[in-house]
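One structure below.
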Amino acid sequence: MYCFDSVVRYSEIDAENYMTLPSVLDLLQDCCTFHSEELGIGIDFLRQAGRAWVLSFWQVRVKRYPRMGEKICAYTWPYDFKGFMGSRNFKIEDASRETIVFANSVWSYIDTGSGLPARVPKEVRDRYVLEPPYEMERAERKIRLPEDMRPREPIRVGRSLIDTNHHVNNGKYVMIAEEYLPMGFRTGELRAEYKKAAVLSDVIYPKVTELDGKVVVSLENERGMPYTIIEFMEDRT
(Lines give C-alpha, C1' and ligand atoms only; values in the text may rest on other atoms or scores of the structure.)
Protein backbone atom coordinates (compact mmCIF):
# COMPACT_ATOMS: atom_id res chain seq x y z
CA MET A 1 0.00 0.00 0.00
CA TYR A 2 1.32 3.42 -0.98
CA CYS A 3 0.43 6.59 0.91
CA PHE A 4 1.38 10.23 1.04
CA ASP A 5 0.45 13.10 3.34
CA SER A 6 -1.17 16.27 2.06
CA VAL A 7 -2.85 19.45 3.25
CA VAL A 8 -5.98 20.84 1.62
CA ARG A 9 -4.84 23.86 -0.37
CA TYR A 10 -6.68 27.06 -1.21
CA SER A 11 -6.48 26.09 -4.90
CA GLU A 12 -8.41 22.89 -4.10
CA ILE A 13 -11.44 24.36 -2.33
CA ASP A 14 -14.85 25.72 -3.30
CA ALA A 15 -16.64 28.87 -2.17
CA GLU A 16 -17.55 27.19 1.14
CA ASN A 17 -13.92 26.22 2.03
CA TYR A 18 -14.43 22.52 1.23
CA MET A 19 -12.25 20.45 -1.11
CA THR A 20 -13.96 20.12 -4.49
CA LEU A 21 -14.79 16.79 -6.08
CA PRO A 22 -12.35 17.34 -9.01
CA SER A 23 -9.63 18.10 -6.44
CA VAL A 24 -10.44 14.85 -4.61
CA LEU A 25 -10.07 12.95 -7.90
CA ASP A 26 -6.82 14.77 -8.69
CA LEU A 27 -5.46 13.72 -5.28
CA LEU A 28 -6.33 10.06 -5.94
CA GLN A 29 -4.80 10.22 -9.41
CA ASP A 30 -1.64 11.86 -8.02
CA CYS A 31 -1.43 9.12 -5.40
CA CYS A 32 -1.39 6.25 -7.92
CA THR A 33 1.00 8.19 -10.19
CA PHE A 34 3.43 8.71 -7.28
CA HIS A 35 3.11 5.00 -6.48
CA SER A 36 4.14 3.98 -10.01
CA GLU A 37 6.96 6.55 -10.08
CA GLU A 38 8.36 5.21 -6.80
CA LEU A 39 8.37 1.68 -8.29
CA GLY A 40 10.22 2.84 -11.42
CA ILE A 41 7.31 2.18 -13.79
CA GLY A 42 5.91 5.68 -14.07
CA ILE A 43 5.49 8.17 -16.90
CA ASP A 44 8.97 7.89 -18.44
CA PHE A 45 8.97 4.08 -18.27
CA LEU A 46 5.58 3.90 -19.95
CA ARG A 47 6.50 6.44 -22.64
CA GLN A 48 9.63 4.49 -23.57
CA ALA A 49 7.63 1.25 -23.69
CA GLY A 50 4.91 2.84 -25.83
CA ARG A 51 2.32 2.08 -23.17
CA ALA A 52 -0.12 3.96 -20.95
CA TRP A 53 -2.57 3.23 -18.17
CA VAL A 54 -5.99 4.63 -19.11
CA LEU A 55 -8.82 4.87 -16.61
CA SER A 56 -11.87 2.84 -17.61
CA PHE A 57 -14.06 3.25 -14.53
CA TRP A 58 -14.29 5.21 -11.28
CA GLN A 59 -16.53 4.59 -8.31
CA VAL A 60 -15.84 7.19 -5.64
CA ARG A 61 -17.70 7.54 -2.33
CA VAL A 62 -17.26 10.74 -0.34
CA LYS A 63 -18.32 10.46 3.30
CA ARG A 64 -17.28 14.05 3.89
CA TYR A 65 -15.20 16.68 2.08
CA PRO A 66 -12.12 17.93 3.96
CA ARG A 67 -11.79 21.65 4.65
CA MET A 68 -9.16 24.22 3.77
CA GLY A 69 -5.91 23.58 5.68
CA GLU A 70 -6.96 20.14 6.91
CA LYS A 71 -4.24 17.49 7.05
CA ILE A 72 -5.14 14.35 5.12
CA CYS A 73 -3.43 11.18 3.89
CA ALA A 74 -4.13 9.46 0.55
CA TYR A 75 -3.65 5.70 0.10
CA THR A 76 -3.73 3.42 -2.94
CA TRP A 77 -3.09 -0.23 -3.69
CA PRO A 78 -3.71 -2.61 -6.63
CA TYR A 79 -5.73 -5.72 -5.91
CA ASP A 80 -6.03 -7.49 -9.27
CA PHE A 81 -4.48 -7.84 -12.74
CA LYS A 82 -6.29 -9.70 -15.49
CA GLY A 83 -5.13 -9.60 -19.11
CA PHE A 84 -4.88 -5.91 -20.04
CA MET A 85 -6.88 -4.74 -16.98
CA GLY A 86 -5.74 -3.60 -13.57
CA SER A 87 -7.94 -2.83 -10.54
CA ARG A 88 -6.97 -0.42 -7.79
CA ASN A 89 -8.51 0.90 -4.58
CA PHE A 90 -8.03 4.25 -2.87
CA LYS A 91 -8.91 5.92 0.37
CA ILE A 92 -8.34 9.27 2.05
CA GLU A 93 -8.03 9.50 5.82
CA ASP A 94 -8.22 12.58 8.02
CA ALA A 95 -5.89 13.42 10.91
CA SER A 96 -7.82 11.09 13.26
CA ARG A 97 -7.31 8.19 10.79
CA GLU A 98 -11.00 8.15 9.85
CA THR A 99 -11.68 7.20 6.21
CA ILE A 100 -13.52 10.11 4.61
CA VAL A 101 -13.23 9.03 0.93
CA PHE A 102 -12.87 5.59 -0.64
CA ALA A 103 -12.85 4.48 -4.24
CA ASN A 104 -12.62 1.61 -6.67
CA SER A 105 -11.10 1.95 -10.13
CA VAL A 106 -10.44 -0.15 -13.22
CA TRP A 107 -7.62 0.70 -15.63
CA SER A 108 -6.68 -0.50 -19.12
CA TYR A 109 -3.08 -0.99 -20.25
CA ILE A 110 -2.89 0.53 -23.74
CA ASP A 111 -0.45 0.37 -26.66
CA THR A 112 -0.10 4.08 -27.42
CA GLY A 113 0.92 3.38 -31.01
CA SER A 114 -2.16 1.40 -31.98
CA GLY A 115 -4.52 2.62 -29.26
CA LEU A 116 -5.42 -1.02 -28.55
CA PRO A 117 -5.29 -2.84 -25.20
CA ALA A 118 -2.06 -4.71 -24.42
CA ARG A 119 -1.49 -7.46 -21.87
CA VAL A 120 0.14 -6.17 -18.69
CA PRO A 121 3.70 -7.59 -18.80
CA LYS A 122 5.13 -9.64 -15.97
CA GLU A 123 7.80 -6.97 -15.42
CA VAL A 124 5.07 -4.48 -14.50
CA ARG A 125 2.87 -6.88 -12.51
CA ASP A 126 5.82 -8.03 -10.41
CA ARG A 127 6.68 -4.48 -9.29
CA TYR A 128 3.35 -4.14 -7.52
CA VAL A 129 2.25 -5.97 -4.37
CA LEU A 130 -1.40 -6.98 -4.54
CA GLU A 131 -3.42 -6.25 -1.41
CA PRO A 132 -6.95 -7.39 -0.49
CA PRO A 133 -9.66 -5.22 -2.03
CA TYR A 134 -11.32 -2.54 0.07
CA GLU A 135 -14.56 -3.73 1.65
CA MET A 136 -17.19 -1.70 -0.19
CA GLU A 137 -20.31 -2.27 -2.24
CA ARG A 138 -19.09 -2.33 -5.83
CA ALA A 139 -21.34 -0.65 -8.34
CA GLU A 140 -21.87 -1.81 -11.91
CA ARG A 141 -19.28 -0.50 -14.33
CA LYS A 142 -21.81 0.10 -17.10
CA ILE A 143 -23.90 3.27 -16.66
CA ARG A 144 -27.25 3.09 -18.42
CA LEU A 145 -28.36 6.31 -20.07
CA PRO A 146 -31.91 7.52 -19.35
CA GLU A 147 -34.06 8.20 -22.41
CA ASP A 148 -34.71 11.90 -21.75
CA MET A 149 -31.15 13.22 -22.07
CA ARG A 150 -31.19 16.94 -22.92
CA PRO A 151 -28.40 18.46 -25.08
CA ARG A 152 -26.33 21.41 -23.89
CA GLU A 153 -23.93 23.76 -25.65
CA PRO A 154 -20.90 22.04 -27.29
CA ILE A 155 -17.42 22.47 -25.77
CA ARG A 156 -14.20 22.54 -27.78
CA VAL A 157 -11.26 20.78 -26.10
CA GLY A 158 -8.49 23.23 -25.27
CA ARG A 159 -4.91 22.66 -24.15
CA SER A 160 -5.72 23.09 -20.45
CA LEU A 161 -7.70 19.81 -20.50
CA ILE A 162 -4.91 17.63 -21.97
CA ASP A 163 -2.59 15.37 -19.95
CA THR A 164 0.66 13.48 -20.67
CA ASN A 165 -1.24 10.88 -22.72
CA HIS A 166 -2.39 13.75 -25.00
CA HIS A 167 -6.00 12.99 -24.03
CA VAL A 168 -8.51 14.89 -21.92
CA ASN A 169 -7.60 13.96 -18.36
CA ASN A 170 -10.21 11.87 -16.56
CA GLY A 171 -10.68 14.48 -13.83
CA LYS A 172 -11.36 17.20 -16.40
CA TYR A 173 -14.42 15.33 -17.68
CA VAL A 174 -15.82 15.44 -14.14
CA MET A 175 -15.00 19.15 -13.86
CA ILE A 176 -16.91 19.78 -17.11
CA ALA A 177 -19.87 17.62 -16.04
CA GLU A 178 -20.15 19.26 -12.60
CA GLU A 179 -21.23 22.50 -14.25
CA TYR A 180 -24.59 20.87 -15.00
CA LEU A 181 -25.39 20.02 -11.37
CA PRO A 182 -28.16 22.01 -9.68
CA MET A 183 -27.11 24.70 -7.23
CA GLY A 184 -26.59 23.18 -3.78
CA PHE A 185 -26.14 19.63 -5.10
CA ARG A 186 -23.35 17.94 -3.12
CA THR A 187 -22.07 14.69 -4.58
CA GLY A 188 -21.87 11.76 -2.18
CA GLU A 189 -21.02 9.12 -4.78
CA LEU A 190 -19.69 9.24 -8.31
CA ARG A 191 -19.56 6.68 -11.08
CA ALA A 192 -17.67 7.48 -14.27
CA GLU A 193 -17.42 5.18 -17.28
CA TYR A 194 -14.69 6.14 -19.74
CA LYS A 195 -15.31 4.88 -23.28
CA LYS A 196 -13.27 6.95 -25.75
CA ALA A 197 -10.50 9.51 -25.32
CA ALA A 198 -11.15 13.08 -26.47
CA VAL A 199 -8.09 14.92 -27.79
CA LEU A 200 -7.10 18.51 -28.53
CA SER A 201 -9.62 20.41 -30.70
CA ASP A 202 -12.29 17.71 -30.44
CA VAL A 203 -15.78 19.02 -29.75
CA ILE A 204 -17.67 17.57 -26.79
CA TYR A 205 -21.47 17.50 -26.96
CA PRO A 206 -22.93 17.25 -23.44
CA LYS A 207 -26.29 15.65 -22.69
CA VAL A 208 -27.80 15.86 -19.21
CA THR A 209 -30.73 14.51 -17.24
CA GLU A 210 -31.79 15.03 -13.62
CA LEU A 211 -33.48 12.26 -11.66
CA ASP A 212 -34.43 12.02 -8.01
CA GLY A 213 -31.16 12.59 -6.17
CA LYS A 214 -29.10 11.81 -9.23
CA VAL A 215 -27.69 13.60 -12.30
CA VAL A 216 -26.38 11.74 -15.34
CA VAL A 217 -24.11 13.52 -17.84
CA SER A 218 -23.01 12.01 -21.14
CA LEU A 219 -20.11 13.80 -22.86
CA GLU A 220 -20.32 12.73 -26.50
CA ASN A 221 -18.73 13.25 -29.91
CA GLU A 222 -20.54 14.64 -32.96
CA ARG A 223 -21.91 11.17 -33.79
CA GLY A 224 -23.50 10.76 -30.38
CA MET A 225 -20.90 8.26 -29.12
CA PRO A 226 -19.93 8.95 -25.49
CA TYR A 227 -16.42 9.85 -24.49
CA THR A 228 -17.48 9.55 -20.87
CA ILE A 229 -20.67 8.94 -18.93
CA ILE A 230 -20.78 10.31 -15.39
CA GLU A 231 -23.37 9.66 -12.71
CA PHE A 232 -23.51 11.97 -9.68
CA MET A 233 -25.49 10.78 -6.66
CA GLU A 234 -26.46 13.41 -4.12
CA ASP A 235 -25.34 13.22 -0.50
CA ARG A 236 -28.55 13.60 1.50
CA THR A 237 -27.13 12.82 4.94
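The values are calculated or read from the model by the stated rules, or taken from the named source; none is laboratory data. Not measured: the values here are computed from a predicted model. Cβ atoms come from the backbone with ideal geometry, glycine included; neighbour counts cover every protein chain shown. What goes into the accessible areas is simple: the full protein's heavy atoms, side chains included, and nothing from ligands, DNA or RNA. Shrake-Rupley method; radii C 1.70, N 1.55, O 1.52, S 1.80 Å.
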> How do LYS122, LYS196 rank by accessible surface area computed with a 1.4 Å probe, from largest to smallest?
Replying inline: LYS122, LYS196
> How do the peptides 152-158, 63-69, 204-210, 18-24 rank, highest first, by the average count of neighbouring beta carbon atoms within 10 Å per residue?
Replying inline: 18-24, 204-210, 63-69, 152-158
> Based on the mean of other beta carbon atoms within 10 Å per residue, what is the order of 43-53, 171-181, most packed first?
Replying inline: 171-181, 43-53
> How far apart, in nm, are two points set 7 Å out from the Cα along the Cα-to-Cβ line at SER11 and at ARG64?
Replying inline: 2.7
>> Percent of Cα-Cα pairs more than 29 Å apart in the chain, please.
In response: 27
> Under 17 Å from the Cα of LYS172, which lysines turn up, not counting those fewer than eight places away in the same chain?
Replying inline: LYS195, LYS196, LYS207
> Counting Lys +1, Arg +1, Asp -1, Glu -1, what net charge surrounds PRO117 among other residues with beta carbon under 12 Å of its beta carbon?
Replying inline: +2
> Accessible area per residue, 1.4 Å probe, Å², for the chain: what's the number?
Replying inline: 52
>> Skipping prolines and chain starts, which residues have an amide H placed within reach, meaning under 5 Å, of the one on LYS195, given they are 5 or more residues away or on another chain?
In response: THR228, ILE229
> From the backbone phi of segment 145-158, what are the Karplus-calculated ³J(HN,Hα) couplings (6.51 cos²θ - 1.76 cosθ + 1.60, θ = phi - 60°) in whole Hz, Gly and Pro given as x?
Replying inline: 7, x, 6, 9, 6, 9, x, 10, 5, x, 10, 8, 6, x
